[in-house]
1. Test SER229 against the criterion of being surrounded by 14 or more Cβ atoms within 10 Å (Cβ to Cβ), of a type in the set (Gly, Ala, Ser), at pLDDT below 95 and outside the structural domain of ARG142 (by TED's automatic domain parsing), and give yes or no.
2. Out of the residues in region 192-214 that are of a type in the set (Ser, Thr, Tyr) and under 27 Å from PHE120 (Cα atoms), state the one that is surrounded by the most Cβ atoms within 10 Å (Cβ to Cβ).
3. Testing PHE30 on (1) touching a residue at least 40 places away in the same chain (Cβ under 8 Å); (2) within 18 Å of the chain's Cα centre (by Cα); (3) within 13 Å of ligand 1 (Cβ to nearest atom); (4) surrounded by fewer than 20 Cβ atoms within 10 Å (Cβ to Cβ), one condition comes back false. Which one is that?
4. Given (1) in a helix (DSSP H, G or I); (2) modelled with pLDDT of 95 or more; (3) among the polar types (S, T, N, Q), where does ASN128 come up short, assuming only one miss?
5. Out of GLN189, GLN162, GLN217, GLN173, I need the residue that is open to solvent by 40 Å² or more (accessible area, probe 1.4 Å) and within 14 Å of ligand 2 (Cβ to nearest atom). Which one?
6. If you check LEU126, LEU116, LEU111, which single one turns out to be within 16 Å of ligand 1 (Cβ to nearest atom), within 23 Å of GLU48 (Cα to Cα) and among the hydrophobic types (A, V, I, L, M, F, W, C)?
7. Using the structure shown, decide if VAL85 is at pLDDT 95 or above and within 12 Å of ligand 1 (Cβ to nearest atom).
8. Kindly check whether there is at least one residue in region 74-85 that is open to solvent by less than 20 Å² (accessible area, probe 1.4 Å) and among the polar types (S, T, N, Q).
Amino acid sequence: MWALLPLKDFVQAKQRLAGSLTVSERRVLFHSMVEDVLGVVASYPRFEQVVLVSDDPSAHLLAEHYGVACWPERDFGVRGLNEVVGAALANIHRVAPRSNVMVVHGDLPLLSHRELDAVFDAHAELLNEGPSGLSIVTDHYRRGTNILVCNPARMPKLAYGQASCELHYREAQCLAIPVQILNLSGIAQDIDTSGDLLRLLAMPQNSTAQHTRKFLQESGIAQRLNLMSGEVNINANSTAVVMNTQSAMSDWSVL
Ligand SMILES: Nc1nc2c(ncn2[C@@H]2O[C@H](COP(=O)(O)OP(=O)(O)OP(=O)(O)O)[C@@H](O)[C@H]2O)c(=O)[nH]1
Ligand SMILES: O=C(O)[C@H](O)COP(=O)(O)O
């Protein structure tokens, strides 16, 4: 099994956090999450090869540091996550035609060897049904595809974006490729929004997400987000009071 990590330009990453984090905070946050993911993936003994696909110089430095490969995205001559992952899978198929590939996203700081074991074991079981299979590890909302395990020789058209879990699942079914959706709590917790960051910060500390937690604490982002979420609650409470007042007033007018 190969691991493939597509990483967009670090300054472009995590746009959905633009309302709460500055550009440079988003860049360092993404770097920290990628370090957490790479720490786990690069030391996982069941991967034959780990390869990043990115044009960002930071990705190339990280690859060197963790002793993994990094393919420049520009070499593929395509743009967009689906196209880049598709081209990289085709390349893996050329150099290692018998290998399956696990596509892992960079925003999964809670990834662990224990959960990778669970994905490997579940996928091996799926392959008892035939030579190809598709395993999707989805997110908390069962919408996204945080990890995809596939055989590049026989797989559905990639559909990362909105509701990709369902699209990947249905397309595999149409092509009669055995397919399964896996729920694993660490992998399910990708970091897209400030709510995701608050959930991560509220979790008991363990050996996962260490770079990410350290950055959030030392940068002051953790304190800032907690403060902001307190303010949101206060505002939500006052809105509730106003609504009660209004309904009380309408009761009065009815009387
Ligand atoms: N190499 C490469 N990786 C990509 C590209 N687009 C997304 N990715 C990576 O794919 C994974 C999922 O990314 P997205 O959810 O699309 O983007 P994101 O940066 O996590 O979040 P948003 O900017 O808020 O959408 C992350 O590891 C990204 O870095 C791309 O065009 N090229
Ligand atoms: O289709 C998907 O699952 C997304 O592109 C994955 O990434 P996100 O959950 O970070 O958006």
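The values are calculated or read from the model by the stated rules, or taken from the named source; none is laboratory data. Being a predicted model, the structure only gives us computed values, none of them experimental. Neighbour counts run over all protein chains shown; Cβ positions are idealised from the backbone, glycine included. Quick note on the areas: whole protein, heavy atoms, side chains included, nothing else; ligands and nucleic acids left out. Shrake-Rupley method; radii C 1.70, N 1.55, O 1.52, S 1.80 Å.
1. yes
2. THR212
3. If we test PHE30 against (1) touching a residue at least 40 places away in the same chain (Cβ under 8 Å); (2) within 18 Å of the chain's Cα centre (by Cα); (3) within 13 Å of ligand 1 (Cβ to nearest atom); (4) surrounded by fewer than 20 Cβ atoms within 10 Å (Cβ to Cβ), just (4) comes out false.
4. Unmet condition: (2).
5. GLN162
6. LEU111
7. Considered against the rule, which asks whether it is at pLDDT 95 or above and within 12 Å of ligand 1 (Cβ to nearest atom), VAL85 comes out as yes.
8. No: zero hits.
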